Amino acid sequence: MKIFFKHKLLTLYILLNLVAGIFMVLNRSNFVFNLQSIYALGVYPIQSATKSVSRAFVYLYTSITDIFTLQTQVQVLRDRIAELSGAALEYEQLSAENERLRGLLNEAPTDEYPLEYAEIVSKDPQNFYTTIVINKGSANGIVVGMPVISYQNGYKGLVGKVVEVRRYNSRVLSLVDQRSQISVMLESSRTTGIMVGQSPKSTQTHLQYIDLQMDVEEGERIVTSGMGGVFPKGILVGNIFKVEKKNYGLFHDLYVEPAVNFSTLENVYVIKKVPDQEIIMLANEEDTEANANGETK
């Protein structure tokens with residue numbers, strides 16, 4: 001037993017010396033064999049590949065997130081552009097309305113009678129604008145028979161007269177309506193006549209009772225005569241655009257283009273001139289007598 005134990009120690013001693021000799025040889029050949037080298041050769045490539053895949057997934061996720069973020073931002077910008085476009089359009093409309101109202105203030109006529117500004121709330125183009133509804137009524141001092149004008153391009157143009165009044169609205173009979181009869185005169189010669197509307201047949205009016213001996217030219221201006229107790233004198237009515245020459249009869253056949261463009265008319269002024277009822281009554285009596293004498297003959 002003691003001999004076996006001695007041989008065992010000898011064997012261990014020899015193995016230790018052998019291992020020490022091997023390390024000495026390896027050390028002299030500058031070769032370092034350690035766990036780090038094994039890790040570098042085996043584990044690092046796998047870890048590197050894993051990191052590359054991880055980076056790719058992170059980049060892909062980030063890109064998708066950025067796309068959704070950009071889409072959201074683009075939609076916000078589109079909404080903002082639409083909002084600004086609407087605001088710009090509204091600004092242009094308000095600017096145009098402001099300029100129009102400034103023009104009205106600058107061109108507002110000075111008249112011997114008070115004026116009431118009114119906006120048109122209804123008109124019928126299918127009937128050649130025979131009647132017009134405005135947004136002023138008895139609450140504003142409007143009464144039946146008051147003249148209505150429009151002030152455009154530096155002159156007063158006749159629109160018609162008030163024929164019906166409510167509290168906050170009134171109806172205006174335009175001068176082109178066939179029921180309209182207005183005492184007018186040629187501005188140059190001061191010859192008077194009666195202008196009668198022709199609507200719904202036409203937007204022009206028919207000027208009657210101008211003496212055939214009078215020299216009348218196309219383009220001549222027609223103004224109110226001031227007779228009849230309704231319309232003040234000198235309001236522009238229109239211009240003669242057609243003269244029918246006659247070799248017989250007593251009077252010219254004249255046709256007048258109104259000064260007011262009813263298709264673009266948006267606002268008017270009511271002249272607060274209360275109609276002279278006595279003059280109107282006397283004129284009506286004369287018409288009645290004339291009609292009666294005509295029927296008698």
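The values are calculated or read from the model by the stated rules, or taken from the named source; none is laboratory data. Every value quoted in this text rests on a predicted model; they were computed, and no experiment measured them. Cβ atoms come from the backbone with ideal geometry, glycine included; neighbour counts cover every protein chain shown. Note: accessible area is taken over every heavy atom of the protein model, side chains too, but ligands, DNA and RNA are not part of it. Shrake-Rupley method; radii C 1.70, N 1.55, O 1.52, S 1.80 Å.
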### Those residues of segment 94-116 which are part of a helix (DSSP H, G or I) and either modelled with pLDDT of 90 or more or not hydrophobic (A, V, I, L, M, F, W, C) (or both), in sequence order
Ser95, Glu97, Asn98, Glu99, Arg100, Arg102, Gly103, Asn106, Glu107
### Query
Taking interchain pairs and intrachain pairs at least six residues apart, which have beta carbon atoms under 6 angstrom, with the first residue in segment 170-196 and under 12 Å from Lys233 (Cβ atoms) and the second of a type in the set (Ser, Thr, Tyr) and open to solvent by 30 Å² or more (accessible area, probe 1.4 Å)?
Met185/Thr192
### Query
Where residues in segment 249-276 are over 23 Å from Gly193 (Cα atoms) and not hydrophobic (A, V, I, L, M, F, W, C), which of them is most open to solvent (accessible area, probe 1.4 Å)?
Glu266
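Results for (1) in a strand (DSSP E or B); (2) of a type outside the set (Gly, Ala, Ser), shown as yes or no for each residue.
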{"site": "Ala118", "(1), (2)": "yes, no"}
{"site": "Ile132", "(1), (2)": "yes, yes"}
{"site": "Val144", "(1), (2)": "no, yes"}
{"site": "Val148", "(1), (2)": "yes, yes"}
{"site": "Gly160", "(1), (2)": "yes, no"}
{"site": "Val163", "(1), (2)": "yes, yes"}
{"site": "Arg171", "(1), (2)": "yes, yes"}
{"site": "Gly193", "(1), (2)": "yes, no"}
### Summary
Reported set for segment 225-238 where residues are farther than 25 Å from Asp124 by Cβ and either open to solvent by 70 Å² or more (accessible area, probe 1.4 Å) or not in a loop (DSSP other than H, G, I, E, B) (or both) is Met227, Lys233
### Query
Only one of Arg166, Arg179, Arg190, Arg171 is surrounded by fewer than 19 Cβ atoms within 10 Å (Cβ to Cβ), among the basic types (Lys, Arg) and on the phi > 0 side of the Ramachandran plot; which?
Arg190
### Query
Does Met214 meet the test of being assigned to a loop (DSSP other than H, G, I, E, B), over 16 Å from Lys273 (Cα atoms), in contact with a Ser or Thr (Cβ under 7 Å, 6 or more places away or on another chain) and not charged (D, E, K, R)?
yes
